[in-house]
Amino acid sequence: MRGMYQEDLSTRNQGFTLVELAIVITIIGLLIGGVLKGQEMIKNARVTATIAHVQGYQAAMETFQDRYDQLPGDMSVARTRLPGCTEANFCYNGNGNAIIGSPEHSAAQRVQSGTNALPQVETSMFWKHLAMADLISGVNPSANPASPVFGKTHPSSPFGGGFMTVFGMHVTGSKAGLWLVLSNTLTGTTAYLPSAQNVLTPARAAQIDRKMDDGRPDDGYVQSPDNGTCDSGSPRIYRESDEYANQKTCMIVFNIF
């Protein structure tokens, strides 16, 4: 009996065999791979959704212009022609000069807010006029532009933060016009400045740029302001290495008019 007991105890103390350990490690590896694959699919879906948002806003702007013969935000007769556009809804006219807001992008941090001051208020009215015309969702038509907030006065983005408008020339020698800015901040010193607290990693910014344009941060209709972390070199390229994989240092701009 004693010998049988010792043999049984010895057998039970052997632990996992190599085969069992290999099976467990394989299962863990599959689980980790599935999680990582799922995360990548989510990020790719956000890229696709962001591109769809930009294209949708551009299409909405063009539809508005075809319908009213003026640009949203800049529309000088919004109070007359847009249903529900009243002072009670903080809805104001633009000045009708075919420029939305101030023609200097360096003033972006102060032109996204305001009451009825022209031309600054036009950047917020861009979204309000589109919402009043039932051409976009995700913006509250009654929100007060004096207190700009993503998801209320300005649309939010799938990556966080949201979109604002800036009129001007993003890079010297590039096309002047209206740019959509995907940023993490609407007002303050980082509204149109590269920041360590932005919404995109270099890899995601590059992915969006390549899908929509030429993949170069300082050229074309999709660009990214230079901050030395999102991009580098001459000509500049996005920093897509593992070193910068988790650093959300990129903001990105889209020329839509």
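Bear in mind that the values in this text are calculations on the coordinates, not laboratory data. Computed from a predicted structure; not experimentally measured. Cβ: placed from backbone, ideal geometry, glycine included. Neighbour counts: every protein chain shown.
Key figures for this structure:
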item: Residues whose placed amide H lies under 5 Å from that of Ile237, excluding near-sequence neighbours; result: Ser232
item: Using θ = phi - 60° and Karplus 6.51 cos²θ - 1.76 cosθ + 1.60, couplings along segment 211-219 (whole Hz; Gly, Pro as x); result: 5, 9, 8, 9, x, 10, x, 10, 8
item: Cβ crowding within 10 Å averaged over residues, with 147-156, 115-124, 46-55 ranked highest first; result: 115-124, 147-156, 46-55
item: In order through segment 57-65: 3J(HN,Hα) via Karplus (6.51 cos²θ - 1.76 cosθ + 1.60), integer Hz, x for Gly, Pro; result: 5, 5, 5, 5, 4, 5, 5, 4, 5
item: Sequence-distant residues sharing a close amide H with Phe257 (under 5 Å, placed H); result: Leu178
item: Highest to lowest packing among 125-138, 78-91, scored as the average C-beta count within 10 Å; result: 125-138, 78-91
item: Karplus 3J(HN,Hα) series, Hz, for segment 41-49 with 6.51 cos²θ - 1.76 cosθ + 1.60 (x for Gly, Pro); result: 5, 5, 5, 5, 5, 5, 4, 4, 5
